[in-house]
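Quick notes on the structure that follows.
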Amino acid sequence: MNHNKLIFSLLALQNQEENEESGVLKVKIDDQNTESKQHEKLAILPLRNAVLFPGVVIPITVGRKKSIKLVKKSYKNSKIIGVSTQKQNNIEEPTSQDLYKVGTVAEILKLFNMPDGNVTILIQGKHRFEMGEVLAEEPYLESKVNVLTENFPPHKKGEGKALMSSLKEKAFQIIELNNDIPREARVTIDNIESLSFLTHFLSANFHTEVTDKQTLLEINEGEERATKLLEFLQKEIQLLEIKKDIQSKVFTDIDQQQRDYFLRQQMKVIQDELKDESNEVEELKIKAKNKKWNDKVAKHFDKEIGKLARTNQMSPDYPILYNYLETLVDLPWGDFSTDSYDLKKAREILDNDHSGIEKVKERIIEYLAVLKLKNNLKSPILCLYGPPGIGKTSLGKSIAKALNRQYSRIALGGLHDEAEIRGHRRTYIGAMPGRIIQNLKKAQTSNPVFILDELDKVASNVFRGDPASALLEVLDLEQNHSFVDNYMEVEYDLSNVLFIATANSLDTIHPALRDRLEIIELSGYTTEEKVEIAKYHLIPEQRTEHGLKTKDVKFDEASLVKIIEDYTRESGVRNLKRQIGAVCRKIAKFIANEEKYSKNITTKEIKEFLGAEPYDREKYQNITIPGVVTGLAWTQVGGEILFIEAIVSAGKGKMTISGQLGDVMKESVSAALSYFKSIASKFNIKSEIFDKLDLHIHVPAGAVPKDGPSAGITMFTALASVFTRRKVKQHLAMTGEITLTGRVLPVGGIKEKILAAKRAGIKEIVMCHQNKKDIEEINVEFLGDLKINYVSRAEEVLVLALEDEVSGEILENIIA
């Protein structure tokens, strides 16, 4: 039953006599509704979702403009209107055809004007009527009506008494079954003595469709109407009993101490009703039959699956054990992808994806060649070491593609928990396997290519262990065939996995871990290599990303060189990619706006699109005075040339060093000066000269920190030049460490330094003879006509670097 309407009707009945006496609201209940007043015409008010019965009081909210006019006018006059229910609720402006013909004559008891502009009225049904001829549709519906008489048997005799008793009995049953109905309703219904009002009251308030209520209203015989109402009440009782029966099943066997199992009991009832016959244990056993694991693992699985079968599904241990066994059967035990032994195709794939980096390509081809011959080779542990942006990570994808293996990447940057590698023990809540096992599960093969990205950035934690130490077992060829994850508790063979680590620096890698790695150093790309990478990789990629076609934009080589040298400063090509993307965006804007533009990108367009050059590489300057020498330096963004300047002035032997030099570079100056003093007599320089002159050594670009031993012979040459007053030869540069006894030692970064010298216009270079092996690894095309001089002693440097003629003011004049 609709308890909101019921409460309202109960209140109306309860206060009926009191309201009649006070004159506030007069509600009259007619027993047989025998008034014979005939209404020639009535204004008809359409109702939605409600049916009004004679004698029943209901509130109605009126929102339609027509209906508001109707009720306000009627309330001022006779207060009598006709009420009829709509056949369809979605019709906003119903006509006479959209209403049921049988309705109820109603009296407006009270009218309330609401703040939102709507009107709420309180109406009481009087008589049933049947609509006749329609008199008007505007401003509201008016119609002739025929009042229908009521014909109920006496409620104190025979059929009437039986119907009265049956209706009350059904109503009481509904009140008992429905907790939403207030218990006071029983008393109110029990006090109703009119069969017609009881029938209409229950018809208006029981829960059913509007069409069923309209059916009751249209029945002329009162006895038939009451009997039909009994059928509807019986159906509602049956529905309430089924609902109560379902709820009682859920609460069966649950006492006050077992409230925590409420949801599980509901699930159990549902499963019992549906008779779900799925068996998770059997599914795991079927999967396990196809696994190629050893007897030890099989025995462990049988033991754990037995535990699962004996565990109640409602137990909190069940999902933990099930997840563990599911992980166990999902691992690719003994499943391998078929390697591609086509060495030429593998080389072609590596060359197409990456320019340069010949060492790595050669090492992969060697590995593949041995694997082809032996067909069983433990995978090497490679470490690609070099500056950022040179393609170390993307190279891993190419290697996997060349070998026809699955690719997986594990980011180690910032990793500080040992459990991320070895996994958590199953005793912990939320335990899971480590990243090695997780990625094997994703790869679904036991021989994937694993990229251990940013190995040098692994962190350690006092409370969570050292992940680098955990990697020792993973990356040791003698141990990783029996790797044990804390979560898995069984051995897994990692010896077929090709691990490739990447790092920007070797200094922060654990020494024991570094010892297990086959380190391949990758130097930065040369300008020529960057141009090739841009032509064959970056430009096509950026064209595609920006929706451009090949014909829309073309870069000439000079424009690419300008971007590389004036708009980027890096060893890799990340910023080069961004700058090319910026140019492509400009072109895309021109095309979208249908503007004219130059499709051939030259240095002019580069400056126009990218603005002023943020970088300015050092260019060679002609040396016109003694004491100035061109050196070669290595930086993280490639090689550079730098100038060492030395001057002397009258003083007391004081030495000044400027240019923000590091400790190692300052020591090189001291070593060079001490050795030059020891051989000064060979140049006819008296020892007392050094006590009468102040020496100042400066390296330009003072805001940039500089350090390292490779400027040793450059410092020595600058000192020799300033003291002997002999200039350094034009277009000559040098690099090498000097010892206190005058020996020249090898230095690193030779490739970058050579390329920097070539870019700056240097024609001749002096370096240690032990660096000859580094020159041999450089492509001959890059060297061109550059002359390389190899030395082993500092004196040899001076023979090659200094001119014979003395230039400038002699030392004696400076002292004077």
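The values are calculated or read from the model by the stated rules, or taken from the named source; none is laboratory data. If you're wondering where the values come from, they're calculated on a predicted model, not measured in any experiment. Methodologically, a virtual Cβ is constructed for each residue, glycine included, from the backbone with ideal geometry; neighbour enumeration extends over all protein chains shown. Side chains included, ligands, DNA and RNA excluded: accessible areas come from the protein's heavy atoms. Shrake-Rupley method; radii C 1.70, N 1.55, O 1.52, S 1.80 Å.
Observations on the structure shown:
- Within the stretch 155-178, the set of residues being assigned to a loop (DSSP other than H, G, I, E, B) and without any contact (Cβ under 8 Å) to a residue 24 or more places away in the chain comprises Lys156, Lys157.
- Residues being open to solvent by 20 Å² or more (accessible area, probe 1.4 Å) and of a type outside the set (S, T, N, Q) - total across the stretch 344-368: 14
- When Leu498 is tested against the conditions (1) open to solvent by less than 10 Å² (accessible area, probe 1.4 Å); (2) within 30 Å of Leu321 (Cα to Cα), the lone failure is (2).
- Pick from the stretch 574-633, criterion among the small types (Gly, Ala, Ser) and free of Cβ contacts under 8 Å to residues at least 24 places away in the same chain, ranking: farthest from Pro387 (Cα to Cα): Ala592
- Residue list for the stretch 179-217, restricted to those being touching a residue at least 12 places away in the same chain (Cβ under 8 Å) and of a type in the set (Asp, Glu): Asp180, Glu184, Asp190, Glu193, Asp212
- Residue in the stretch 791-803 that is touching a Pro at 6+ places or on another chain (Cβ under 7 Å) and either surrounded by fewer than 16 Cβ atoms within 10 Å (Cβ to Cβ) or at pLDDT 90 or above (or both) present: no
- Being in contact with a Ser or Thr (Cβ under 8 Å, 6 or more places away or on another chain) and closer than 29 Å to Glu565 by Cβ is not true of Ser505.
- Test: residue in the stretch 741-762 that is open to solvent by 30 Å² or more (accessible area, probe 1.4 Å), touching a Ser or Thr at 6+ places or on another chain (Cβ under 6 Å) and part of a strand (DSSP E or B): no
- Single residue of the stretch 56-114 satisfying the filter (part of a loop (DSSP other than H, G, I, E, B) and of a type in the set (Asp, Glu)) that is surrounded by the most Cβ atoms within 10 Å (Cβ to Cβ): Glu93
- Of all the listed residues (Leu719, Leu732, Leu693, Leu673), the sole one being aliphatic (A, V, I, L, M) and in contact with a Lys or Arg (Cβ under 8 Å, 6 or more places away or on another chain) is Leu732.
Here is a yes/no grid of residues against (1) under 31 Å from the mean Cα position of the chain (by Cα); (2) part of a loop (DSSP other than H, G, I, E, B); (3) farther than 20 Å from Asp453 by Cβ; (4) aliphatic (A, V, I, L, M):
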site: Glu478; (1), (2), (3), (4): no, yes, yes, no
site: Met488; (1), (2), (3), (4): yes, yes, yes, yes
site: Ile500; (1), (2), (3), (4): yes, no, no, yes
site: Leu513; (1), (2), (3), (4): no, no, no, yes
site: Glu528; (1), (2), (3), (4): no, no, yes, no
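- The residues listed here are Glu277, Glu224, Glu193; of these, the one that is outside any helix (DSSP H, G or I) and either among the hydroxyl-bearing types (Ser, Thr, Tyr) or at pLDDT 80 or above (or both) is Glu193.
- A single entry from Arg435, Arg464 fulfils the requirement of being modelled with pLDDT under 75 and either within 28 Å of Glu521 (Cα to Cα) or surrounded by fewer than 16 Cβ atoms within 10 Å (Cβ to Cβ) (or both): Arg464.
- Of all the numbered requirements in (1) open to solvent by 30 Å² or more (accessible area, probe 1.4 Å); (2) under 28 Å from Pro448 (Cβ atoms); (3) in a helix (DSSP H, G or I); (4) of a type outside the set (S, T, N, Q), Pro319 misses one, and that requirement is (2).
- Boolean, Lys441 is surrounded by fewer than 18 Cβ atoms within 10 Å (Cβ to Cβ) and without any contact (Cβ under 8 Å) to a residue 60 or more places away in the chain: no
- The residue pairs whose first member lies in the stretch 544-564 and is more than 18 Å from Lys604 (Cβ to Cβ) and without any contact (Cβ under 8 Å) to a residue 60 or more places away in the chain, whose second member is in a helix (DSSP H, G or I) and among the small types (Gly, Ala, Ser), and whose beta carbons are closer than 8 Å, counting only pairs six or more residues apart or on different chains, are Glu545/Gly581; His546/Gly581; His546/Ala588; Gly547/Ala588; Leu548/Ala588.
Conditions (1) among the charged types (D, E, K, R); (2) in contact (Cβ under 8 Å) with a residue 24 or more places away in the chain; (3) part of a helix (DSSP H, G or I); (4) open to solvent by 10 Å² or more (accessible area, probe 1.4 Å), marked per residue:
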{"residue": "Leu384", "(1), (2), (3), (4)": "no, yes, no, no"}
{"residue": "Pro387", "(1), (2), (3), (4)": "no, yes, no, yes"}
{"residue": "Ala400", "(1), (2), (3), (4)": "no, yes, yes, no"}
{"residue": "Ile410", "(1), (2), (3), (4)": "no, yes, no, no"}
{"residue": "Gly414", "(1), (2), (3), (4)": "no, yes, no, yes"}
{"residue": "Asp417", "(1), (2), (3), (4)": "yes, yes, no, yes"}
{"residue": "Glu420", "(1), (2), (3), (4)": "yes, yes, yes, yes"}
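- Considering residues of the stretch 530-563 that are within 33 Å of the chain's Cα centre (by Cα) and charged (D, E, K, R) only, the residue surrounded by the most Cβ atoms within 10 Å (Cβ to Cβ): Lys530
- Test: residue in the stretch 700-710 that is open to solvent by less than 40 Å² (accessible area, probe 1.4 Å), basic (Lys, Arg), under 30 Å from Ile564 (Cβ atoms) and in a helix (DSSP H, G or I): no
- Residue list for the stretch 501-518, restricted to those being surrounded by 15 or more Cβ atoms within 10 Å (Cβ to Cβ) and within 16 Å of Gly396 (Cβ to Cβ): Ala501, Thr502, Ala503, Asn504, Leu517
- Total residues in the stretch 564-579, condition open to solvent by less than 40 Å² (accessible area, probe 1.4 Å) and either closer than 24 Å to Thr393 by Cα or basic (Lys, Arg) (or both): 7
- Note on the stretch 711-726: residues that are within 17 Å of Gly639 (Cβ to Cβ) and part of a loop (DSSP other than H, G, I, E, B) total 1.
- For the stretch 205-229, the set of residues classified as within 60 Å of the chain's Cα centre (by Cα) and open to solvent by less than 10 Å² (accessible area, probe 1.4 Å) consists of Asn205, Phe206, Gln214, listed by residue number.
- Taking the stretch 172-204 as the range and being crowded, with 20+ Cβ neighbours inside 10 Å and among the aromatic types (Phe, Trp, Tyr) as the test, the residues that pass are Phe197, Phe201.
- Number of the exception - Thr252 against (1) under 30 Å from Val329 (Cα atoms); (2) at pLDDT below 80: (1)
- Residues of the stretch 333-372 that turn out to be among the aliphatic types (A, V, I, L, M) and modelled with pLDDT of 80 or more, as a count: 7
- Qualifying residue in the stretch 337-352 (condition: closer than 24 Å to Asp493 by Cα and part of a helix (DSSP H, G or I)): no
- Inclusion of Phe483 among residues that are closer than 18 Å to Lys359 by Cα, in contact with a helix residue (DSSP H, G or I) (Cβ under 9 Å, 6 or more places away or on another chain) and open to solvent by less than 20 Å² (accessible area, probe 1.4 Å) is not warranted.
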